[in-house]
Amino acid sequence: MIPRPFEYYAPASILDALGLLQKYGEEAKLLAGGHSLLPMMKLRFAQPGHLIDLGKISELRGIREDGDTIRIGAMTSENDLIWSALLQKKCPLLVEGARHISDPQVRYRGTIGGDICHGDPANDHPAVMLALGASFVLRSSTGERVVPADGFFVGMYATAMHADEIMTEIRIPTPASGTGSCYSKLKRKIGDFATAAAAVTLAMKGEMVSQVTIALTNVGATPLKARAAEDSLRGKSLTDANIANAAHLAMSICDPSPDQRGSAEYKTAMAGEMTQRALRTAGSRALR
Ligand SMILES: Cc1cc2nc3c(=O)[nH]c(=O)nc-3n(C[C@H](O)[C@H](O)[C@H](O)COP(=O)(O)OP(=O)(O)OC[C@H]3O[C@@H](n4cnc5c(N)ncnc54)[C@H](O)[C@@H]3O)c2cc1C
């Protein structure tokens, strides 16, 4: 299939892109790396009349630390995340998550903003964003708002973003030093989306869990924050029984669709398994 005809624009600034979005409204679509949008256009699930390429807007790229916040431009590629010395040192969960995304071709062009804005529960960044307590800067021609990741994903391919908004930046509170983390992903083969995956951050005080976040990929219509599982671990030690109980609580919120990756029961069981693995690995990486 080939896409329906469209007009192509490559604005050089956010302001110009916002002007085009305002002018063409629902008929317009933003293009980032194109690895999700172009397949949808070829299948004619998406049929924009006006395609606004964000690729020439340099102010939308980059990774920096600002006080106790890591700020990442929405057009920063997966590859740039993976090779960022700042992220490797201060936010390794994001690096680990990005390394799990597809293959080098996708990671060279695919962007963190596109992965999040697409609203696909199979994508890896959304759960990582929930685990990291990230928030997203959304800009329109009338202003800017900052929306927490927790609440941003409202349904399958649906987010809290409005049609006239551009995601400009991802903000992540710099994890406290000594925090352990892990993204554990089960996939059928290299390059595949997750059958199930779990993102965990974990801080220990002695042998007790002082802080923990757990978020799940591809076991519901949105990424899932496993709140009861988190609550069950705070102030407890990381024993096999406590980890198994947390995994059980995480499984209780899963509602995956059966497909070629497995039945709903299998995917739910794998979400529990990934949660256990991520908790154990994050625990071994956390400083006591
Ligand atoms: C073979 C293959 C395997 C893949 N495997 C994985 C995987 O394992 N894990 C994973 O997470 N992903 C995977 N992906 C998806 C890939 O990561 C995409 O790159 C990603 O989903 C979208 O990012 P993009 O930059 O390509 O965005 P695009 O495809 O250009 O855009 C996606 C959507 O987001 C919107 N958008 C993009 N940027 C912005 C912005 N700044 N503000 C507002 N809206 C915006 C677009 O309008 C569009 O609706 C795979 C893709 C392919 C082709």
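Summary of computed values
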{"read-out": "Residue identified as touching a strand residue (DSSP E or B) at 6+ places or on another chain (Cβ under 7 Å), on the phi < 0 side of the Ramachandran plot and not aromatic (Phe, Trp, Tyr) among Ala244, Ala228, Ala271, Ala264", "value": "Ala271"}
{"read-out": "Qualifying residue in segment 93-113 (condition: hydroxyl-bearing (Ser, Thr, Tyr) and within 8 Å of the ligand (Cβ to nearest atom))", "value": "yes"}
{"read-out": "Qualifying positions in segment 12-31 - within 13 Å of the ligand (Cβ to nearest atom) and either open to solvent by 60 Å² or more (accessible area, probe 1.4 Å) or farther than 19 Å from Glu144 by Cα (or both)", "value": "Tyr24, Glu26, Glu27, Ala28, Lys29, Leu31"}
{"read-out": "Residue in segment 256-265 that is out of contact with any Leu (no Cβ under 7 Å at 6 or more places or on another chain), at pLDDT 95 or above and within 24 Å of Pro175 (Cβ to Cβ) present", "value": "no"}
{"read-out": "Among the residues listed as Pro121, Pro48, the single one being in contact with a strand residue (DSSP E or B) (Cβ under 6 Å, 6 or more places away or on another chain) and either within 11 Å of the ligand (Cβ to nearest atom) or under 30 Å from Cys254 (Cβ atoms) (or both)", "value": "Pro48"}
{"read-out": "Flag if Thr179 is closer than 22 Å to Lys89 by Cα and open to solvent by 30 Å² or more (accessible area, probe 1.4 Å)", "value": "yes"}
{"read-out": "Where Gly49 falls short, out of the listed (1) at pLDDT 95 or above; (2) open to solvent by 80 Å² or more (accessible area, probe 1.4 Å)", "value": "(2)"}
{"read-out": "Selection status of Met75, assigned to a loop (DSSP other than H, G, I, E, B), at pLDDT 95 or above and either within 14 Å of the ligand (Cβ to nearest atom) or open to solvent by less than 20 Å² (accessible area, probe 1.4 Å) (or both)", "value": "yes"}
{"read-out": "Boolean, Ala163 is more than 10 Å from the ligand (Cβ to nearest atom), open to solvent by 10 Å² or more (accessible area, probe 1.4 Å), among the hydrophobic types (A, V, I, L, M, F, W, C) and assigned to a loop (DSSP other than H, G, I, E, B)", "value": "no"}
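The values are calculated or read from the model by the stated rules, or taken from the named source; none is laboratory data. Since the structure is predicted, the reported quantities are computational estimates derived from the model, not experimental observations. Please note: Cβ atoms are built from the backbone with ideal geometry, for glycine as well, and neighbour counts cover all protein chains shown. Accessible surface areas use protein heavy atoms only, side chains included; no ligands, DNA or RNA. Shrake-Rupley method; radii C 1.70, N 1.55, O 1.52, S 1.80 Å.
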